[in-house]
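Visitor: For reference, the structure I am asking about is given below.
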Amino acid sequence: MTYKELQLALAVFGLEERATLRQIKSRHRDLVKRHHPDLGAPADSEEMRKVNAAYRVLLDYLADYRFSFSEEEFYEQNPDEQLRRQFFDDPLWGSKG
């Protein structure tokens with residue numbers, strides 16, 4: 001898979017660069033309901049192929065993605081905790097106990 005294929009899959013789904021697995025699955029369900037011929041949509045098998053191909057690309061990308069559980073990554077994803085850690089011992093901002 002290339003980055004261009006990933007971007008095309010996101011465009012088919014109408015998603016931004018950041019999306020949760022729940023959002024991807026929900027959007028797939030909505031697109032299938034909209035384009036599936038058995039659900040009353042006009043028979044456009046090409047559109048269903050695009051939706052399913054994009055879904056496979058996104059799921060393949062997520063299956064290969066490795067989550068990092070390092071402390072640095074945690075604080076990057078949780079800036080509030082980073083500030084709390086940084087100023088926790090400060091007498092003006094942190095705990096006074």
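The values are calculated or read from the model by the stated rules, or taken from the named source; none is laboratory data. Note that the coordinates shown come from a computational prediction; the quantities given were computed from them, not determined experimentally. Heads up, the Cβs are rebuilt from the backbone with ideal geometry, glycines too, and the neighbour counts pull from every protein chain shown. To get the accessible areas, we keep the full protein, side chains included, count just its heavy atoms, and leave off ligands, DNA and RNA. Shrake-Rupley method; radii C 1.70, N 1.55, O 1.52, S 1.80 Å.
Visitor: Inside the range 45-89, can you point out the residues that are loosely packed, with under 11 Cβ neighbours inside 10 Å and part of a helix (DSSP H, G or I)?
Guide: Across the range 45-89, the qualifying residues are SER45, GLU46, ALA63, ASP64, GLU71, GLU72, GLN77, PRO79, ASP80.
Visitor: Additional query: Which pairs do you get when a residue that is in contact (Cβ under 8 Å) with a residue 40 or more places away in the chain, found in the range 10-34, comes within reach of a residue that is open to solvent by 70 Å² or more (accessible area, probe 1.4 Å), reach meaning Cβ atoms under 8 angstrom, with the pair 6+ apart or on two chains?
Guide: Hits for this filter: LEU10/GLU16; LEU10/GLU17; VAL12/LYS50.
A quick yes/no check of all residues on (1) closer than 23 Å to LYS4 by Cα; (2) open to solvent by less than 100 Å² (accessible area, probe 1.4 Å); (3) at pLDDT 85 or above; (4) part of a loop (DSSP other than H, G, I, E, B):
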| site | (1), (2), (3), (4) |
| --- | --- |
| ARG22 | yes, no, yes, no |
| LYS25 | yes, yes, yes, no |
| ARG29 | no, no, yes, no |
| LYS33 | no, no, yes, no |
| ASP38 | no, no, no, no |
